[in-house]
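Trainee: Okay, handing you the structure first.
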Amino acid sequence: MRLASFALFAALAMPAWAQEAARPADAEVPPPPPIVEGDEVEPEVTIIKRGEDTVEEFRVDGRLYMVKVTPPHGVPYYLVDRKGDGLLERIETLEPGTSVPMWVLKRW
């Protein structure tokens, strides 16, 4: 039984061992990109009162990516531009898996 357990463990560990061995020893890891600080990273937030609702608009580089609407008696909801095409989708809560904000890294 011990021999079978050892053989099973060795068979399961072989792919991980093979991947580690395939990596060259002199390979350099590139340095991380520089951290950008200041106004370039911070979103611009505009708070507007429309009737009794409070509307918060979130923009980066002048592009609107999220709107938070807070009614006077109710739960706030969000309008989010998930694809970057300018169309806002309504979502009720920002969940932990939400991809907001989605930063544009490069445009062609």
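Trainee: For residue 70, state whether it is modelled with pLDDT of 70 or more and surrounded by 11 or more Cβ atoms within 10 Å (Cβ to Cβ).
Mentor: yes
Trainee: A follow-up question, please. Of the residues in the stretch 76-108, how many are hydrophobic (A, V, I, L, M, F, W, C) and at pLDDT 85 or above?
Mentor: 4
Trainee: Under 9 Å by Cβ, and 6 or more places apart or on different chains, what pairs join a residue from the stretch 54-67 that is on the phi > 0 side of the Ramachandran plot with one that is not in a strand (DSSP E or B)?
Mentor: Note: pairs meeting the criteria are 61/40; 61/104.
The values are calculated or read from the model by the stated rules, or taken from the named source; none is laboratory data. Everything quoted here is computed from the prediction, not taken from an experiment. Positions of Cβ are backbone-derived with ideal geometry, glycine not excepted, and every protein chain shown enters the neighbour counts.
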